[in-house]
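Novice: Quick one: this structure, given as C-alpha cells, is what I'll be asking you about.
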Number of protein chains: 2
Amino acid sequence: MTSSSSDRPGEFELIARLFAPLATAPGAFGLTDDAAIITPPAGEELVVTTDALVEAVHFLRSDPPASIAKKSLRMNLSDLAAKGAAPIAYLLALSLPDATDMAWLKTFAHGLGEDQREYGVSLIGGDTTRTPGPLTLAITALGSVPRGTMIRRAGAKKGDLVFVSGTIGDAGAGLAILKGEGVAIPDAVRDELVARYREPSPRVSLGPALRGLASAALDVSDGLLADLGHIAETSQVRIEVDAGRIPLSPALLALRGNDLAALVRAATAGDDYEIAFTAPERARSAILKIAAEACVPVTEIGRVQAGHGVALLDSAGHEIAVPRTGYVHF
Amino acid sequence: MTSSSSDRPGEFELIARLFAPLATAPGAFGLTDDAAIITPPAGEELVVTTDALVEAVHFLRSDPPASIAKKSLRMNLSDLAAKGAAPIAYLLALSLPDATDMAWLKTFAHGLGEDQREYGVSLIGGDTTRTPGPLTLAITALGSVPRGTMIRRAGAKKGDLVFVSGTIGDAGAGLAILKGEGVAIPDAVRDELVARYREPSPRVSLGPALRGLASAALDVSDGLLADLGHIAETSQVRIEVDAGRIPLSPALLALRGNDLAALVRAATAGDDYEIAFTAPERARSAILKIAAEACVPVTEIGRVQAGHGVALLDSAGHEIAVPRTGYVHF
C-alpha cells in the first residue's frame, strides 16, 4: 500500500502487514512498491472495471467487515464475469474513518483473503487514507479475454432471446429485512436473503462460457429492468420481459409470494449480481448446456424487439406500468 | 460510467455526458459499457497504480475543481513516471456529496480533459456514487514499460548517488500559504507556491528516460526524507542526504530563506511529485544529459551507504535530528 508516512510506523505498518499477504501475484511486489506489473496471457487482452462503495449507501455499518470486503470484490468480479472475462487481480483504495479499529481491518483483510483463494485473484496495489466521512472503498479489477471476445452491452439484435442467471430480487429483500421487513419469517429464510445481499455470488464460471454465444450482457446491479434498459439503450433495441418468467427463489417466495407486486419489486431491486444477457435463438440449447455445466440456473425471460426501452409484460402480453426500473444509488 | 439507475436520467445522464467525451481510447467504448479493454504495446507490460484523495485531507474544498481533477490525475501519472512507465489510461471512482452541483462537475471534467490532452491519456472507466461524507476520488492509472524495465523501490546499492528532480518543499509551502502563512509576501511568490500545491508537474518525460540508469526510484509524495526512507527500507541500504544540496525554488527562498529549519521543513513536506532516485556513479553524466533533454533540473543530493534508514547531514557531515520525516496523511 502506498501513501502514509513512516512517522507512525505502528498504525501504518500494521495495515501494510495485514494486506501484504494478499499480494500473491509476482507483479505485485508484496505491495512494497508504488505500482504493480500485469500482463495479459498470450493472445488475450485485459478487461478493467472499477466500482466505488460508500458506507450507508452500498453497505451498512453493521454489516460484518468480511462481508463488506467480499461484496466489494465480488461486485467487480461480477462485472468482469458478465463481460466474459476471467479475473486476474485487483487494486483497493481504502478511505478509513478515524474510528476504524485494527480488529475491523483484520477481519476485512481476512475476508478478502478468503475470496482471493475462492476466485483465484491477487491484490496488486492499493492506497489507504484517512477520511472524516464514511468508510469508502474503490476497487479496480482486472481480468482477461481472448482478443475481441469481450461481451458488450451493445450487440443485442431483434429476435434474440433474453436470459438471466440465478434468481432475482433476493438481495433487495435481504436489504429490506435488515431495515425491518419480515420480522415474523423463519430465520433460515431471513439468513438466506440477507446473505444474498451481503455476499453476492459473481457468476465467474458462467460468464466466460458465454463468450461467442451471448450477443450482449451485463451484471444486474441496478435492478433487472434498469440493467436490461442499459442493454436496450446501447444496442438500440427494445427488450420485453415476461413478468411470470422472472426466476424467484423459494426464500423470496416465502417472504413475499409471487403476485405481480412481488414480481415488480424483484425486477426493480438492485444488487443481484446475476448475469442478464441476450443471445440468438439458435444458441438456446448451448446456453442451457453451459448453465448445467456451470451449475448455475439460467432462465429465459423475454425477447429482443425492434424499438427502444424495456417493458415488463403480464401473462396476456400487456405492458405493466413500473414506477421505477431500478435502485437509485445516485 | 457505471452504477446509478436510469430513473433519474437528468442528473445521471448529465454526468455521463460530461465524462463520455473523455473516453477517447477505442477500448473505453465511450463509457457505455461496464468494463474497458486495454492491451500493452507489443513487448511491453502494463504498470498499474491507484491513489485515493479525500476532501480536507488531500485537497481543500476551496481548491478550484479543475485543480482537484488535475492533481488527482497527476498524482497517479507521477507514480507511473517514477516507475519509468509511459501513461496510457485511467479509471475514476467518484463519490459526490449531495451538495455537488453540475457547474462544479463541469469544471472538474474540463480540467481532466485539459490534462488528458497534455499527457496523452484517456479515461477508460469510472463509477459515480453519492456520499453523505466529503468528496472522495480514487484514480487507477495504467501505463506501460518494456518488459522487465519498471524502476523499482528495491535496487539502490551502496555507493550509488541520490538524485531528485525539480525543487522540493514548494507544495508544502503552498498548502501553508492557503492555511494562512506568508500573508506579507508578494502575490507572484504566493501564486507560484500555491500552484505547485494545487497542480503538481508529474515528470513524465524524465521518468521513462531513467529506465536502465536509475537503480531505484519513486515519486516524492510523503516528503523527500520519508520517501527516500521507503527506498532505503526496500533496498536495505542507508541513504544520506546533504541538507545544503536540497534544491529549493526562488519562491520558497523568498518565503522562508535557506536556513537549516527551512531546509528541514522542505525535506519533510509532502506533495512535491518530483522523482527521487538512486543511480550508480557511472550513470551521472548520462542522467544530467537526460535531465537537460527533458528540461527538468536534476540535482545530486546524497549517497547510498551500507546500513539502514535515511539521514539528513549538515555541511560538516553530521546528522541533523529531524522530528518527523514526512507528511502524515494517515
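Novice: Can you pull out every residue in region B:269-282 that is crowded, with 20+ Cβ neighbours inside 10 Å and on the phi < 0 side of the Ramachandran plot?
Specialist: Hits for region B:269-282 are B:269, B:270, B:272, B:274, B:275, B:276, B:277, B:278, B:279.
Novice: Is one or more of the residues making up region A:284-296 in contact with a Gly (Cβ under 9 Å, 6 or more places away or on another chain) and not hydrophobic (A, V, I, L, M, F, W, C)?
Specialist: no
Novice: Could I ask something else about it? Among the listed residues B:92, B:80, B:96, which satisfies the condition of being assigned to a helix (DSSP H, G or I) and either out of contact with any strand residue (DSSP E or B) (no Cβ under 9 Å at 6 or more places or on another chain) or of a type outside the set (Ser, Thr, Tyr) (or both)?
Specialist: B:80
Novice: Of the residues A:99, A:81, A:89, which single one is over 13 Å from the mean Cα position of the chain (by Cα), crowded, with 21+ Cβ neighbours inside 10 Å and more than 7 Å from chain B (Cβ to nearest Cβ)?
Specialist: Of the residues listed, the single one that is over 13 Å from the mean Cα position of the chain (by Cα), crowded, with 21+ Cβ neighbours inside 10 Å and more than 7 Å from chain B (Cβ to nearest Cβ) is A:89.
Conditions tested, residue by residue: (1) under 17 Å from residue A:266 (Cβ atoms); (2) under 13 Å from the mean Cα position of the chain (by Cα).
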| residue | (1), (2) |
| --- | --- |
| A:168 | yes, yes |
| A:175 | yes, no |
| A:189 | yes, no |
| A:192 | yes, no |
| A:198 | no, yes |
| A:202 | no, yes |
| A:212 | no, no |
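Novice: Which number in (1) more than 14 Å from chain A (Cβ to nearest Cβ); (2) in contact with a strand residue (DSSP E or B) (Cβ under 9 Å, 6 or more places away or on another chain); (3) aliphatic (A, V, I, L, M) marks the one condition that residue B:171 misses?
Specialist: Result: residue B:171 passes all but (2).
Novice: Further question on the same structure: Sort through B:168, B:246 and tell me the only one that's of a type outside the set (Phe, Trp, Tyr), within 29 Å of residue B:120 (Cβ to Cβ), touching a residue at least 40 places away in the same chain (Cβ under 8 Å) and touching a Leu at 6+ places or on another chain (Cβ under 8 Å).
Specialist: B:168
Novice: State whether one or more residues within region B:105-128 are farther than 25 Å from residue B:204 by Cα, at the interface with another protein chain (Cβ under 10 Å from one of its Cβ atoms) and touching a strand residue (DSSP E or B) at 6+ places or on another chain (Cβ under 7 Å).
Specialist: Yes - at least one qualifying residue is present in region B:105-128.
Novice: Only residues that are buried (at least 18 other Cβ atoms within 10 Å of the Cβ) and assigned to a loop (DSSP other than H, G, I, E, B): list them for region B:26-62, please.
Specialist: Answer for region B:26-62, where residues must be buried (at least 18 other Cβ atoms within 10 Å of the Cβ) and assigned to a loop (DSSP other than H, G, I, E, B): B:33, B:34, B:35, B:40, B:57, B:58.
Novice: May I pose another question? For region B:21-47, enumerate the residues that are in contact with a Ser or Thr (Cβ under 9 Å, 6 or more places away or on another chain), at the interface with another protein chain (Cβ under 7 Å from one of its Cβ atoms) and among the aliphatic types (A, V, I, L, M).
Specialist: Selection gives B:35, B:36, B:46, B:47.
Novice: Next up: Suppose we filter region B:283-315 for residues that are buried (at least 19 other Cβ atoms within 10 Å of the Cβ) and within 14 Å of residue B:227 (Cβ to Cβ); how many remain?
Specialist: 4
Novice: Which pairs do you get when a residue that is more than 14 Å from chain B (Cβ to nearest Cβ) and over 19 Å from residue A:219 (Cα atoms), found in region A:48-75, comes within reach of a residue that is assigned to a helix (DSSP H, G or I) and of a type in the set (Lys, Arg), reach meaning Cβ atoms under 6 angstrom, with the pair 6+ apart or on two chains?
Specialist: Here the result reads A:63/A:198; A:67/A:198, each pair linking region A:48-75 to a residue that is assigned to a helix (DSSP H, G or I) and of a type in the set (Lys, Arg).
A quick yes/no check of all residues on (1) touching a Lys or Arg at 6+ places or on another chain (Cβ under 7 Å); (2) farther than 26 Å from residue B:324 by Cβ; (3) among the aliphatic types (A, V, I, L, M):
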residue	(1), (2), (3)
B:175	no, no, yes
B:179	no, no, no
B:209	no, yes, yes
B:232	yes, no, yes
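Novice: Among residues belonging to region B:104-139 that are of a type in the set (S, T, N, Q) and either within 14 Å of residue B:18 (Cα to Cα) or under 21 Å from the mean Cα position of the chain (by Cα) (or both), point out the one that is modelled with the lowest pLDDT.
Specialist: In this case the residue turns out to be B:128.
Novice: Can you tell me how many residues within region A:228-250 are acidic (Asp, Glu) and closer than 18 Å to residue A:297 by Cβ?
Specialist: Residues meeting the conditions: 1.
Novice: Which of the strands (runs of 3 or more DSSP E) contained wholly in region B:122-192 include at least 3 residues that are farther than 20 Å from residue B:296 by Cβ and not assigned by TED's automatic domain parsing to the domain that holds residue B:275?
Specialist: B:122-131, B:136-146
Novice: Limited to region A:211-263, what total is found for residues that are assigned to a loop (DSSP other than H, G, I, E, B), among the charged types (D, E, K, R) and at pLDDT 95 or above?
Specialist: Summing the residues that are assigned to a loop (DSSP other than H, G, I, E, B), among the charged types (D, E, K, R) and at pLDDT 95 or above in region A:211-263 gives 1.
Novice: To continue, here is another question. For region B:212-248, which positions are surrounded by fewer than 20 Cβ atoms within 10 Å (Cβ to Cβ), out of contact with any strand residue (DSSP E or B) (no Cβ under 7 Å at 6 or more places or on another chain) and either more than 12 Å from chain A (Cβ to nearest Cβ) or closer than 24 Å to residue B:182 by Cα (or both)?
Specialist: Passing the criteria: B:212, B:244.
Novice: Are there any pairs with C-beta distances below 7 angstrom linking a residue in region A:197-209 that is touching a residue at least 40 places away in the same chain (Cβ under 8 Å) and surrounded by fewer than 22 Cβ atoms within 10 Å (Cβ to Cβ) to a residue that is of a type in the set (A, V, I, L, M) and not in a loop (DSSP other than H, G, I, E, B), with the two at least 6 apart or on different chains, and if so which?
Specialist: A:209/A:290
Novice: Give the residue that is farthest from residue A:38 (Cα to Cα), with candidates limited to residues of region A:129-152 that are in contact with a Phe, Trp or Tyr (Cβ under 8 Å, 6 or more places away or on another chain) and surrounded by 24 or more Cβ atoms within 10 Å (Cβ to Cβ).
Specialist: A:151
The values are calculated or read from the model by the stated rules, or taken from the named source; none is laboratory data. Predicted model only: the values in this text are computed from it and were never measured. Cβ atoms come from the backbone with ideal geometry, glycine included; neighbour counts cover every protein chain shown.
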